[in-house]
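No lab work stands behind these numbers, since they all come straight from the coordinates. Note that the structure is a prediction, hence the values are computed from the model and not measured. Positions of Cβ are backbone-derived with ideal geometry, glycine not excepted, and every protein chain shown enters the neighbour counts.
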Amino acid sequence: MNSEQLYVKATRENAEKRAALAPQNIEAWRNFSRTVFRAGALPEKTKQLIAVAVAHVTQCPYCIHSHTAQALQKGATREEVMEAVWVAAEMRAGAAYAHSALAMDEMEAMEKVQ
């Protein structure tokens, strides 16, 4: 990893090394992933757009790259991907504001102690 890289580049070699250390776990995870992203009540494109949004909320750069590419491969437009990102941004901001209730509760509790 060079000084300009923030994250280690995902490579097949690295993935194979990690898989070799826990082969049963990786196979279970891969099967789960294939099952989850298979078309069902939601089409594959929609599932990939959801994954793009979730990847932005969880801030996983590897997931962002992977699911953005997969969403486009499943027929999503650049505009649909960007809308998914904006939904994620709103949800992340909304969660921060909603959790401010905890700060309010703590501030009020501290006022009672003083």
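Couple of notes before you dig in:
- Loop-exposed trypsin sites (Lys or Arg not before Pro) per DSSP, neighbour cap 14 Cβ within 10 angstrom, longest uninterrupted part of the chain: 39-114
- Segment 1-44: GluC sites (Glu not before Pro) in DSSP coil with no more than 15 other Cβ atoms inside 10 Å: 4
- The lysines whose alpha-carbon is closer than 20 Å to the alpha-carbon of residue 112, local same-chain residues fewer than 8 away aside, do not include any residue.
- Residues of type aspartates and glutamates that residue 74 reaches as a straight line, Cα spacing below 14 Å, ignoring anything fewer than 8 places off in the same chain: 44
- Rounded to the nearest whole Hz, the Karplus-based 3J(HN,Hα) values (6.51 cos²θ - 1.76 cosθ + 1.60, θ = phi - 60°) of segment 97-111 follow the sequence 5, 4, 6, 5, 4, 5, 5, 4, 4, 5, 4, 5, 5, 5, 4, with x at glycine and proline.
- Answer label for percent of Cα pairs over 19 Å apart (calculated), chosen among [x] 51; [y] 63; [z] 40: [y]
- Seen against the Cα atoms of the chain and their longest principal axis, helix 12-21 is set at about 80 degrees.
- Shape of segment 44-102 from the C-alpha gyration tensor: prolate (a/c of 1.5 or more and a/b above b/c, with a ≥ b ≥ c the square roots of its eigenvalues).
- Neighbourhood net charge (10 Å Cβ-Cβ; Lys/Arg +1, Asp/Glu -1) for residue 70: +2
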